[in-house]
Amino acid sequence: MKKLQIILLITVLICLLSAIAYAQDKYGLIIVAHGSPMPQWNEPVLKIEKEVNTIMSQRENNQFSAIRVAFMEFTEPSINTVIKNFENAGIDKIYVIPLLIAPSGHSLFDIPTILGLYSDKDILSEIKSEGTHIVDTKMKITIGPTLDNSGILKNSILDRVKELSVTPDSEGVVLLAHGDEHFEPIWASMCREIGSYVCAKTGIEYFDYAFVEVGQSFSTKGVTTILKSTEKKEKIIVVGLYLSMGVERMANTSVSFMMGKKTETSKLFADKNISFSKRGILPDKRISEWIVDVAIEWVEGL
């Protein structure tokens, strides 16, 4: 009996010591975006850092000691810079939220590679050639989901459509998105789900979508889809699944080659009734609230 009591006492002590060690862990949250060489595209993302910090500070179950935005490339703060800052702050465990629309090479390969969690010689070579530093740290890192898991995107696009819609019966919607050829089924399913949701909520009957990266193939895939839609409805509303960029800029700055002749794409739409959204998805407080929710869920699940 005495032996059993000693075993139970040792077990209780081990549990208590483990609980104390767990309670002393310091947690950090990194919100990772792609980054752009143009400051105006990074600004809406940087503002999320302050918003998430504010929302998190109001939660009773907040256990995060540090929250930062980091960029994959082009600008600071880089992922490596933020990791070093967290090390200096004594952070033990990090939760990384990829501020990306849906699964892609960036979320599943590039970010894990930069964080030192995945190794492929071709990806490593490409990342290093861009001047990006690979993280080397003893901190435990966990990567969270992309925005398609949030349910926010369909409501964000609905908001953009409602801003431009006047007579739903005569209108159609075209959604432009970055896409990823290696994950096209996921992106296509997401776009169709968003389209069905928007049509159900607005009464608009026509919907189509195209993948044009961040405008690179707007002059081919985007233009073709938009012009086809003008044959179906009197007015077409064009919106985009991009964090910072509105599709109006794409339409105004792209050029097409029609019958071997260079033409500004905006001229192709001159006699059409087309409304291009000026806004990207950000700012949207719902995204910051979602980031806080999934981050707290991660800590509570440890």
Highest mean first, what order results for 86-92, 232-238 on Cβ atoms within 10 Å? 232-238, 86-92
Would you mind ranking Val239, Val166 by Cβ crowding within 10 Å, fewest neighbours first? Val166, Val239
Pull up all non-local amide H partners of Ile94: gap of 5 or more, or a different chain, and H-to-H distance under 5 Å with H placed in the peptide plane. Gly28, Lys140, Ile141, Thr142
Please check: in the Gaussian network model of the chain (C-alpha springs, under 10 Å), which one of Asp159, Asp110, Asp180 has the largest mean-square fluctuation. Asp159
Which whole-Hz ³J(HN,Hα) couplings does the range 229-236 yield from phi under the Karplus relation 6.51 cos²θ - 1.76 cosθ + 1.60, θ = phi - 60°, glycine and proline marked x? 5, 5, 7, 9, 9, 5, 10, 10
Using a Gaussian network model on the chain with a 10 Å cutoff between Cα atoms, which of Ala177, Ala102, Ala188 fluctuates the most? Ala188
Of Met139, Met72, Met38, the one that fluctuates the most in a GNM where the chain has Cα springs shorter than 10 Å: Met38
Once you have all Cα-Cα distances for the chain, histogram them in 20 Å bins from zero and send the whole-percent values. 29, 49, 17, 4, 0
Name the residues whose placed amide hydrogens come within less than 5 Å of the amide hydrogen of Val69, ignoring near sequence neighbours (fewer than 5 apart) on the same chain. Ile31
Phi-derived 3J(HN,Hα) across the range 62-72 with the Karplus relation (6.51, -1.76, 1.60, θ = phi - 60°), rounded Hz, x for Gly and Pro, is 5, 10, 8, 8, 8, 9, 9, 8, 9, 10, 5
Give the shape of the range 81-151 as rounded, prolate or oblate, defined through the alpha-carbon gyration tensor: a ≥ b ≥ c are the square roots of its eigenvalues, a/c under 1.5 means rounded, and otherwise the shape is prolate if a/b is larger than b/c and oblate if not. oblate
Need the C-alpha centroid separation for the range 142-183 versus the range 186-230, integer Å. 9
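Throughout, read-outs are computed from the coordinates displayed, never taken from laboratory work. Keep in mind that this is a model prediction, so the values were computed, not measured. Every residue, glycine as well, gets a Cβ built from its backbone with ideal geometry; the counts of neighbours run over all protein chains shown.
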